[in-house]
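Notes for the one structure printed next.
Just so you know, all these numbers are worked out from the coordinates, no wet-lab data involved. Please read these numbers as outputs of a predicted model, since none were measured by experiment. Backbone-built Cβ (ideal geometry, glycine too); neighbour counts: all protein chains shown.
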Amino acid sequence: MKEHAQVIFLIFLCVGFLLLAKYILKSSPAGEQTAEPNGTVEEQITEPGETKKPAQPQQPEPSSDETSAPEEILPPPENREGTVYVSGVSTAWGDRPIRITLRTNLKEGETVNIDDWEIEGNDGKISIPEAVNYYEIPGLNKSGPIILEPGHYIIIYVGEESPISKNFRLNKCTGYLNDRGEFEWQLPNECPLPEKGDYKHLSGECQNYIRSLNRCELPDPNVTNSFIGEEGNECRAFVNSFFNVKNCYEYYEDQGNLLKNEWRVWINYQNVFDKNHDWLKLLNKEGKIIDEYTY
């Protein structure tokens with residue numbers, strides 16, 4: 001009888017422990033448990049009404065090759081429309097020729113060779129001739145294909161011969177050519193002039209003469225020979241050493257900016273384009289239209 005009572009007591013004791021454990025679990029917040037690396041358990045709480053989303057796999061970052069747009073492949077400048085274009089036409093009047101100006105629209109570092117290119121109008125066409133890139137005074141000045149760079153432009157005189165029998169690219173010393181040919185449109189005079197401090201030691205008369213000289217003007221020997229004595233010798237030595245073609249080329253070559261962006265070309269074809277109005281087409285050597293212009 002005593003043993004039976006002990007068994008009943010143990011049963012009630014186990015039931016009590018089970019009810020107590022159930023009560024503790026109900027009173028704690030619901031959630032998930034995840035094991036930390038150290039073996040402890042961390043509970044992840046989910047708010048009421050919230051559904052936990054499964055972890056998404058991490059997507060790899062796109063490479064630079066995948067995000068960059070494919071590079072545009074352009075045709076070479078000689079075959080690309082607009083790389084050279086007609087920027088203006090001055091119609092002929094009197095004995096003056098038609099004047100056509102071509103300009104470039106090139107990307108940095110590009111060049112375009114316009115050898116054998118043509119300008120065609122309604123009733124005829126002309127071929128763009130060769131020209132001298134580096135014109136020397138004096139020099140052999142061999143002509144070659146015109147190769148244009150960004151910023152270059154060409155003035156073409158149609159119906160007139162070159163006053164010096166050459167087409168050429170201008171430089172800062174070609175102003176000296178104005179005294180060697182009758183240019184309808186004078187070449188720019190950009191030859192250097194001395195600083196006042198360079199000749200302040202010379203006589204006042206000599207200084208007056210130096211200041212009277214224009215750019216690209218050669219001194220008059222009749223004037224310089226009129227200066228007498230030692231002062232006259234010093235004056236002549238300075239004037240003759242500075243105001244000459246050789247000094248001009250050396251001056252700008254030392255600065256690295258002798259060549260200009262302007263070319264001048266003469267084509268002695270008469271009555272090719274209409275003096276009043278015409279439709280011009282600039283054609284490359286393959287006959288493709290690079291630009292059109294009406295005036």
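The Cα trace of the stretch 192-257 gives Rg and Dmax of 12.1, 39 Å, the first to one decimal, the second as a whole number. Computed from backbone phi, the HN-Hα couplings of the stretch 239-248 come to 4, 6, 7, 9, 8, 8, 5, 4, 5, 4 Hz, rounded to whole numbers (Karplus: 6.51 cos²θ - 1.76 cosθ + 1.60, θ = phi - 60°; Gly and Pro given as x). Note on ASN214 and GLU130: the model spin-label points, each 7 Å out from Cα along the C-beta direction, lie 3.4 nm apart.
Between LYS246 and ASN222, take the C-beta separation as r, use R0 = 25 Å, and let me know the FRET efficiency to the nearest 0.05. Intermediate results must be reported in sequence, preceding the final value.
Working: r = 22 Å, r/R0 = 0.87.
Calculated transfer efficiency: 0.70.
Given LYS142/LYS246; LYS172/LYS196; LYS260/LYS281; LYS107/LYS275; LYS166/LYS288, which pairs have Cα atoms separated by over 24 Å? Provide the component values of the computation, followed by the final result.
Numbers: LYS142/LYS246 19 Å; LYS172/LYS196 21 Å; LYS260/LYS281 27 Å; LYS107/LYS275 34 Å; LYS166/LYS288 28 Å.
Over 24 Å apart, Cα to Cα: LYS260/LYS281; LYS107/LYS275; LYS166/LYS288.
Taken over the stretch 96-170, the percentage of Cα pairs per 10 Å bin, counting from 0 up to the bin with the maximum distance, is 16, 48, 31, 5, 0.
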